Structure formats: structure tokens, C-alpha cells
Amino acid sequence: MSDIYPVPPDFAARAHVDAAAYDRLYRQSLDDNDGFWREQAAALDWIRPFTQVSDTKFDPADLRIRWFADGTLNASVNCVDRHLPAKADKPAILWQGDGEGESESRSVTWGELADKVNRLANVLKGLGVAKGDVVTIYLPVIPEVMVAMMACVRLGAVHSVVFSGFSAEALANRIEDAGAKVLITADEGHRGGRVVPLKHNADAAVAAQPSIRHVVVVRRSGASVPFTPGRDLWYDEAVAAAEPWCPPVEVGAEDPLFILYTSGSTGKPKGLVHTTGGYLVHAGTSWRVIFDWHEGEVFWCTADVGWVTAHTYKIYGPLLNGATSVMFEGVPTWPDSSRWWSIIERYRVNIFYTAPTALRSLMREGEAPVQRHDLSSLRVLGSVGEPINPEAWRWYHSVIGGGRCPIVDTYWQTETGAVLLVPIPGAVANKPGMAAKPYFGIRPVVVDAAGTRLDGVAEGNMCFEGSWPGQARTILHDHERFVLTYFAPYPGLFFTGDGGRRDEDGYFRITGRVDDVINVSGHRLGTVELESAISSHPAVAESAVVGFPHDLKGQGVFAYVTLKENIDESEALRREIVDWVRARIGAIASLDVVQWAPSLPKNRAGKILRRILAKVAANDFENFGDTSTVADPAIVGDIVLRRKQTLERESS
Ligand code: PRX
């Protein structure tokens, strides 16, 4: 069976970019990188045009990443105002709530969006928010999240969206790090028929972080929630009372647009800072090309607004292009596992973008939930967040896409801002599981551990040479960590933290993280972050966390836990620790396996030997490699024995 799925000829015929155009433009984009991005930048409305396209150098001793630096613009004007003449009455958002009742769906026109954005911007201004201030947003997937982001950037303020599934403690940490003065949240969110107590969490976070002076509360459920007069205000009342026009603030291309926190291999989550001009150019122009969006088409990205996927390709990409997008608050499996397919049918979705983990779990339900719905509107499918296994890819292609829709497997990161590798749908034939080819202006490089560049068919560490406009500029308050993490490992290159393989056709496959980050259901979790949450439990002396292959999640979380002296191992304590971590971070931080470890294997310098722990977690009990560094080999024996005993118990 051929593992190449050619571009359907009728698709290529009307695509923005076909194979010949891709080859030509890609070559041009490398030969004259500034020229390419200058042309792309013409897609934006600038207040003051830039004179220099790029000023960049990947030198750890003198890192420079500046794009369009002397240009000025306003993001909300580009995302909203300029579509008004043609589209004021057309839908910008087709919102579907968690439930299925009449009040659970809402269409928001460009005119309404603009009105709300202006009014909320005036509300925020009245609360003292000005250019450069950070506003934290902790909202479910409701239209107001888009309004809130756009209202911030209208003022030149910086949004920091925190995933509404994160706990109060995680929210508080992110508020503290960003020094936010205003928080925008909702009374409650709804997910899969369950209530998410957002205001309750927000209150707990604000109690711990008094930098927040005001909390704007969207009435999503209408539930009665605690309200602190003077500090809190209701979104609907404030917006109704506000002036309907707010002049957009002129900002520099290199002024910050947003902060987004993500997990790294060391320490606490880091706030990556994205700037205005470069990010908008890369997000807006790549969105149109990689999804091959044509005027009038309906786009749906299922990611939660708390992740970069949604920032770039659910919010900014569609808004910059004046596209109609679907927003869905709920989950794919509630009330049943045909929910997504019913939404595609109902809103006649043309372009659908989701994560492999969801596909794997829906695939388990068989084809019947899909067959109940008419998915003939679909034209392009997208995948993001983790490597897609060929089995899920084929199911997506044949069962969801009816065999006719190209799949764009988009490889990128919070740090990269927008796409780096992707099979542009009218141009590049699909190979299941491969993010395929570089986007324009992007130069992938595979290196070995010593930093030697590997040509041709090769597997190694995935790096990129030369800057691109969408990339993050720094980590908030920690530029040194930014330089050390991404630019110091292989001087002259940006290091992703991923492994990658180039095949004989020059196609790339991402093989997964090579650092201490675990990719659980397409969400990044840092092992250190998990370990500090586990080790803060009073019964725990020490812990070590590794990822292991998981059928549905891609990777699961495996925790080795050493208890304090005189504390007994028990099932109750195991459950308590699992709950403890979920409460500290959020439900995404679920420990899949907890194995008691009277001691952890370390080298003589006291460093935990994760390589060995990861092998045991993957039930690979051989080939531990060089174990001469293990200070006490008996500890490894004990860990293997315990794992084998658990497996025996589970299989009996
Ligand atoms: O390991 C890669 C994986 O997700 C990581 C980035 O995570 P995050 O910053 O949360 O952004 C996710 C969405 C852009 C990467 O380092 N990853 C992302 N997309 C893919 C992927 N792995 C394989 N294939 C992809 N298409």
C-alpha cells in the first residue's frame, strides 16, 4: 500500500499555493528572506510603515530578533475594524455552547464584535489599563474571550490568557509573574455537562495576588457567585454603560502583544512574550495559506483559548483574514461522541483543525457516531500538538475527510508563534504522520547531540536556522533562560526541544520531545513542575516524573514517589497524591501511574537517572545502557521488580 496521498488535482486547481508555486516561493523566501516577509507584511494595515524588515542574529552572546521594528500599527484594527465596511452584518463567530438548547448557540457579527471590543476597551481604560499593562484572561470558550483579547490590544495592553482548566493556584502564579492589574473571568464555565467554578477559582487566586485591582466578570451561567463591590464589575453592565468608540492605540511592531505561559524542562512555567508586528504577519498570512481558506468558508479550530494553537489559528489567523469561525465551549464526547460531527454538519464547517489525542479517543467509538452526520462540507483537515500516529491519520483521512480532504499536520510551538513545518494542502502530498515540509522562509536543520548538521536521511535534534517574524522574543523576566534554552545548545540555531527525522524525500517527521517535557494529549507538562507539586505533599520525600507511551494521550505521566520515613504506602495515599497534583496544577496534570520507590536511582553527583526510569515506565527492562554511573545499582533492581509485580497484578 502506498503511503503517499497525492494532492487531489481539483483541490490543487483552486488552491492558493500549488506544487509549482510552493517550490518557487519557498526558494524565493530563502534567497530573499526580507523581500518575502516584506510582501507578506503588506497584508497588514500599518499606521507608520516600517523601513527595515529584519534585524536578527541567533548569537547566544548577542541575540537579536527584531522584525519591522520601526513600523507602528494596532492589532485590533487589523483584526476587526478593517473588515467592517464589507462584513459588518456577516458572522465573525458562530458560537456553540456546551449544551444543546436554543440559548446555547449564538452568532456574533463583525459589527457586534467591533462594538463590544470598543466598549470593553473603554471599560478597561476606565480601570486604569494602559499601553504595556498586562490583563489576565481566565475565560471559557465563549465569544467574550475574543472580545477581551481584542479590547486589550486596542489599548496596546498585553493579554495573558490562562486556560480555564487550570487551578486557582496555577492562575495565581501566572498573575503574579505577569504583574496583572485586571483579571477578566466568568461566573462559571460549562464543559461536558459539568460546571467549572471560574469565579470561585479567580477569587482564590486574587486573594493570593493582590496586584489585581479589578475583576471583570462575564455572566455565562447566571449562577449566583460571590461578588466584591468596588473590586468586581459585571461585564454586561460595564459594557452597556461604556462609550461605543475607543480610539485604537498606536503601538510599535516590537511592542508586546501577549504573554502565554508554557511548561519547560526546568522550573516553573515560563511566560513567552510575543510582539505585535511580526506575530501578526506570520499568523495571518500562514493561516490563509496552510488551511487554504477561501472567502466565505467556515473554519473551526477545536483548541481551548488557553493554548497557542488557539491564539494563532483560532483567534488571530481567522480575525486577520475576516473569516467566520466556529467556537465550541464543550468537549467532543458529551452528550455523546458524535458532538463534533453534529457541529460540523450544523455549521457547514469547511476547515477543521484538531489534535490527534481527540481523534484517537473518537476513533475508539467506531464509525457509527460519524455516519449519523453529513460531513460533506469539509475540505481541509488539520492536526496539531503532537505527532499523529498513522492509524489515527488514516481514520481522520478516510472516515472524517471521506478520503477527499488533505490533512495539514502543522508542526510548531508556543515559542515559534506560528507554523514551521506543514504540508501546504494544494502543494505537498501527504505522508501519514509527517509534518512534511518547511513553511516559507523557514530553514529546518537536523543536528546530532554534538551539534553536527546531518544532511539527507537523518534523525536527530530539530533546529531551525535564521529567524522568522512570529517567534517569541523572550521569556518574561528571564531573558537569560530564553537564550540558554533555545539558542545556546547549538549556536546559530534555534533548538526546539524536539527530535526529528528527515526522509529520502526531504519530508520531516517529528519524533517527540527530547527534553524533560511530557506531551500529554497535546499539552505540555514539565517534569520539574509535576515533581514540585508531588513533593509539596506532606507525606512525600522525593519524586521523579517521566513520560511513557499512552494509547490515547500520546504520552502519560508516570511518577516514582519516595515517601517520608514511617509513612506507609497505601492506595488511599496514592489517590490523595493524584488529587493533590490536580488541585495544584489542574485536571490536565493527572498522574497516570504512581509507583512507590523507596529510593530513586541517581548518579554519584546525585542527579536522578531519568533515562532508566523512562525505560522502566515503558516496560522496557533491558538495554539500560551504561549503568556504571548508578550510585547504587540495587535501587534499579528494586524499581524493575516493583514494576513487573504491578504488571503481573494487572494482567491476572
Ligand atoms: O513536541 C512538539 C509538539 O508540541 C510541542 C509544542 O507544544 P505547544 O507549545 O503547547 O504548542 C502546541 C501547538 C502548536 C512541540 O515541541 N507538536 C506540536 N505540533 C506537532 C507536534 N509534534 C508533532 N507534530 C506536530 N504537528
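The values are calculated or read from the model by the stated rules, or taken from the named source; none is laboratory data. None of these values were measured; they are calculated from a predicted model. Note that each Cβ is placed from the backbone with ideal geometry, even for glycine, and that neighbours are counted across all protein chains shown. Surface accessibility is based on the protein's heavy atoms, side chains included, excluding ligands, DNA and RNA. Shrake-Rupley method; radii C 1.70, N 1.55, O 1.52, S 1.80 Å.
List of remarks:
- Note on residue 243 and residue 391: with the Förster distance fixed at 56 Å, the Cβ-Cβ geometry gives a FRET efficiency of about 0.50.
- Taking amide H as placed 1.01 Å from N in the peptide plane, residue 65 has its amide H under 5 Å from the amide H of 57, each at least 5 places away in sequence or on another chain.
- When both the range 29-46 and the range 462-478 are represented by their alpha-carbon centers, they are found 18 Å apart.
- For the pair residue 90 and residue 535, a Förster radius of 56 Å applied to the C-beta separation gives a FRET efficiency near 0.60, rounded to the nearest 0.05.
- With all pairs of separate Cα atoms included, the range 276-394 yields a Kirkwood hydrodynamic radius of 14.8 Å.
- Where the alpha-carbon atoms of the range 337-406 are placed on the principal axes, they occupy 29, 22, 19 Å, in descending order.
- Of the peptides 420-430, 604-614, 396-406, the order by per-residue mean of other Cβ atoms within 10 Å, starting with the highest, comes out as 420-430, 396-406, 604-614.
- Under 5 Å, built H, 5+ apart or other chain: amide partners of residue 409: 383
- Within the chain, longest stretch free of exposed GluC sites (Glu not before Pro) [DSSP loop, at most 10 other beta carbons within 10 Å]: 1-294
- Only the Cβ atoms of Lys and Arg (+1) and of Asp and Glu (-1) were treated as charged; on that basis the dipole of the chain about its Cα centre amounts to roughly 280 debye.
- By definition, a body whose alpha carbon gyration tensor gives a ≥ b ≥ c is oblate when a/c is 1.5 or more and a/b is not larger than b/c, and the range 439-494 fits this oblate description.
- The residues of the chain expose, per residue, 37 Å² of accessible area to a 1.4 Å probe.
- Residues with amide H under 5 Å from that of residue 326, placed H, sequence gap 5 or more: 94, 299, 300, 301
- For the range 86-135, the square roots a ≥ b ≥ c of the C-alpha gyration tensor eigenvalues yield an a/c of 1.5 or more together with a/b not exceeding b/c, which makes the shape oblate.
- Paired Rg and Dmax values of the range 454-566, which use every Cα atom, in angstrom: 17.6, 59
- Mean residue ellipticity (222 nm) of the chain, computed from DSSP H runs ≥ 4 via -39,500 (n - 2.57), nearest 500: -9000 deg cm²/dmol
- Segment residue 228..residue 642, full-extension length gain: 143.8 nm, with 0.36 nm per residue of separation and the alpha-carbon distance subtracted.
- Added length on full extension, which subtracts the Cα-Cα distance from 0.36 nm per residue, residue 59 to residue 27: 9.0 nm
- Of the trypsin sites (Lys or Arg not before Pro) found in the range 53-139, the ones in coil according to DSSP and having at most 14 other Cβ atoms within 10 Å of their Cβ are 131.
- Calculated on the alpha-carbon coordinates, the convex hull of the range 215-333 measures out at 217 cubic angstrom per residue.
- Peptide packing for 585-597, 281-293, 623-635 was compared via the average number of neighbouring C-beta atoms within 10 Å per residue; ordered from the highest value, the list is 281-293, 585-597, 623-635.
- Overall form of the range 539-580 per C-alpha gyration tensor (a/c, 1.5; a/b vs b/c): prolate
- Using a probe radius of 1.4 angstrom, the carbon and sulfur fraction of the accessible surface of the chain is 51%.
- Pair-distance profile P(r), taking every C-alpha pair of the range 177-261, with 5 angstrom steps and integer %: 3, 12, 19, 19, 19, 15, 10, 3, 1
- Range of Cα positions in the range 502-639 per principal axis (Å), largest first: 59, 38, 24
- Table column - 3J(HN,Hα) (Hz), the range 556-568, Karplus curve with 6.51, -1.76, 1.60, x for Gly and Pro: x, 9, 10, 10, 9, 10, 9, 8, 5, 4, 6, 9, 8
- Simple rule: put +1 on each Lys or Arg Cβ and -1 on each Asp or Glu Cβ in the chain, find the dipole, and look at 335, 198, 16; the Cα lying farthest toward the positive end is 198.
- Rounded to whole numbers, the Karplus 3J(HN,Hα) couplings from phi for the range 204-211 are 5, 5, 5, 4, 7, 10, x, 4 Hz, using 6.51 cos²θ - 1.76 cosθ + 1.60 with θ = phi - 60°, and x at Gly and Pro.
- Once the gyration tensor of the Cα atoms in the range 116-272 is diagonalised, the equivalent ellipsoid follows with semi-axes of 22, 21, 14 Å, ordered largest first.
- Simple Cβ-charge dipole of the range 83-174, Lys/Arg +1 and Asp/Glu -1, about Cα centre, in debye nearest 20: 540
- The stretch between residue 348 and residue 3 holds 121.2 nm of extra length on full extension. This uses 0.36 nm per residue minus the Cα-Cα distance.
- Semi-axes of the equivalent ellipsoid for the chain, computed as √(5λ) from the eigenvalues of its C-alpha gyration tensor and ordered from largest down, come to 37, 31, 26 Å.
- Couplings for the range 9-18, taken from phi via the Karplus curve 6.51 cos²θ - 1.76 cosθ + 1.60 with θ = phi - 60°, read x, 5, 5, 4, 4, 10, 6, 4, 10, 9 Hz in order; Gly and Pro are left as x.
- Between residue 404 and residue 565, the FRET efficiency from the beta-carbon distance, with R0 = 45 Å, is close to 0.10.
- Equivalent ellipsoid semi-axes, the range 345-491, via Cα gyration tensor eigenvalues times 5, rooted, Å: 34, 17, 14
- Reduced Cα scattering model of the range 592-652, Debye log10 I(q)/I(0), q = 0.15, 0.29, 0.30 Å⁻¹: -0.43, -1.41, -1.48
- Geometric descriptor of the range 122-199, per residue, is 78 Å³ (volume of the convex hull of the Cα atoms).
- Given 87/437; 87/199; 125/270; 564/607; 553/615, the pairs whose alpha carbons are separated by over 24 Å: 87/437; 87/199; 125/270
- The magnitude of the dipole of the range 227-334, with charges of +1 and -1 set on the Cβ of Lys/Arg and Asp/Glu and taken from the Cα centre, is near 480 debye.
- DSSP beta bridges confined to the chain are antiparallel in about 60 percent of cases.
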